[in-house]
Structures are given as structure tokens and as C-alpha cells.
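Colleague: Shown below is the structure under consideration.
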Amino acid sequence: MKCVTDAWDLYEDELRAFLYKQTKDLSLADDLLQDVFVKALSENSKFCTLDNSRAWLYRVTKNRLIDYHRTHKPHDEVPDNLAEDKLKSEPVVKLSKCLPSALNNLSDEDKEVIQLCDLDGMNQADYAKFKNLSTAGAKSRIQRARKRLKEELNIACKIVFDEQGKVCCFDPSCK
């Protein structure tokens with residue numbers, strides 16, 4: 001459960017601000033946020049295996065907000081911008097434009113593991129069976145490939161990080 005509380009400590013304020021922006025009601029935002037926290041807790045150890053807990057929390061938050069609007073307002077009163085995910089406007093998501101060129105600079109083995117596990121959604125246990133590897137060996141291979149992809153993205157796109165270590169900007173030409 002520590003992984004849930006650690007992620008919650010990191011993203012709670014950000015999620016609350018997102019919900020408040022959508023609802024303009026702090027107590028409603030807090031109620032919805034509590035539902036998201038309960039959902040995260042109910043995932044138990046599965047939550048700890050998520051590759052991107054922030055994205056998962058945003059997805060659950062957005063879905064909870066949509067459910068609320070469906071049950072409490074007529075369809076025509078649901079905000080038009082609700083379907084727009086906050087993450088789409090962030091630099092790290094825009095960085096996905098550089099992904100194809102960075103992937104092309106990786107070895108075939110690295111490209112394959114990134115494609116299968118990160119882009120196509122194959123879980124690590126299935127990848128291990130597919131490649132006749134131990135689960136630990138598959139996890140190591142995936143982590144090494146992700147590290148090399150990160151290095152390629154840094155080189156190709158000249159990524160700049162802010163003081164919190166988050167992507168703030170990059171060169172979209174991605175050579």
C-alpha cells in the first residue's frame with residue numbers, strides 16, 4: 001500500500017486542482033477525489049506494478065468525473081472540454097512526436113520489447129514466455145530498453161528538464 005500512498009502524496013493536489021477546475025465546487029472535487037483514492041487502494045498490489053501511476057490516476061479521475069456528470073446533469077450540460085485530458089497539453093505528451101525517430105535508433109531487440117510491452121500493452125510475464133525468459137530477465141530487458149529509449153529521446157529532441165525533474169521543453173524537430 002506504500003506505493004499507493006506515495007503516488008497519492010505526489011499527485012493529490014494536482015488531481016484536486018483538475019477536479020475543481022472542472023466542477024467549480026471544492027467539496028464536490030474532494031468527494032470525487034476520495035472516490036479515486038478508494039479505487040487506487042482497492043487495486044492493492046496491482047497499483048504498485050503500474051508503469052505510470054500518474055496517468056492511471058488521471059484516467060480514473062476523469063472517468064469518475066464523467067460518471068458524476070452522467071448521473072447528476074442532463075447530457076447537454078456536460079462540459080464540452082471534459083473529454084480533453086489535461087495530460088495532452090503537457091510537454092511530456094507532446095514529446096511522443098519524437099518517439100518514432102528515437103525508436104528507429106534502437107537495436108531491433110529494444111524496439112521489439114518497447115513495441116510489445118509499452119505500445120501494444122503486452123504484460124511482462126507474457127513477454128517473458130514469448131521470449132523464453134525468466135520474469136526477472138524480461139523485466140531487466142524492458143528496463144534497459146526503456147533507459148536506452150530515454151537516452152535516445154534526450155539526444156534526438158534536446159529535452160530540457162525543469163527544477164522538479166519534469167520535461168519542460170524540447171526541440172520538436174527531433175533529428
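Each value in this text was obtained by applying a stated rule to the coordinates, not by laboratory testing. Everything quoted here is computed from the prediction, not taken from an experiment. Note that we place each Cβ from the backbone using ideal geometry, even for glycine, and neighbour counts take in every protein chain shown.
Colleague: Per residue of segment 58-72, what does 6.51 cos²θ - 1.76 cosθ + 1.60 with θ = phi - 60° give for ³J(HN,Hα)? Whole Hz please, x for Gly and Pro, Karplus curve as stated.
Modeller: Per residue, the Karplus-derived 3J(HN,Hα) values read 5, 4, 5, 4, 4, 5, 5, 5, 4, 4, 4, 4, 5, 8, 10 Hz.
Colleague: Under a point spin-label approximation (7 Å from Cα along Cα-to-Cβ), what is the residue 143-residue 6 distance to one decimal in nm?
Modeller: For the pair residue 143/residue 6, the computed spacing is 1.2 nm.
Colleague: According to a simple spin-label model (label point 7 Å from Cα along Cα-to-Cβ), what is the distance in nm between residue 130 and residue 71?
Modeller: According to this spin-label approximation, the distance is 3.7 nm.
Colleague: Starting with the highest mean, order 51-64, 19-32 by the number of other Cβ atoms within 10 Å, averaged over the residues of each peptide.
Modeller: Most protected by this proxy first, the peptides run 51-64, 19-32.
Colleague: Moving on to the next point. Given the pairs 46/129; 46/131; 2/131, which are separated by over 27 angstrom at their Cα positions?
Modeller: 2/131
Colleague: Let me ask another. Under the rule of at least 5 residues apart or a separate chain, name every residue whose amide H is placed under 5 Å from the amide H of residue 169.
Modeller: Answer set, sorted by chain and number: 160.
Colleague: Sorting 159, 66 on the 10 Å Cβ count, fewest up front, what's the list?
Modeller: Ranking 159, 66 by Cβ neighbours within 10 Å, fewest first, gives 66, 159.
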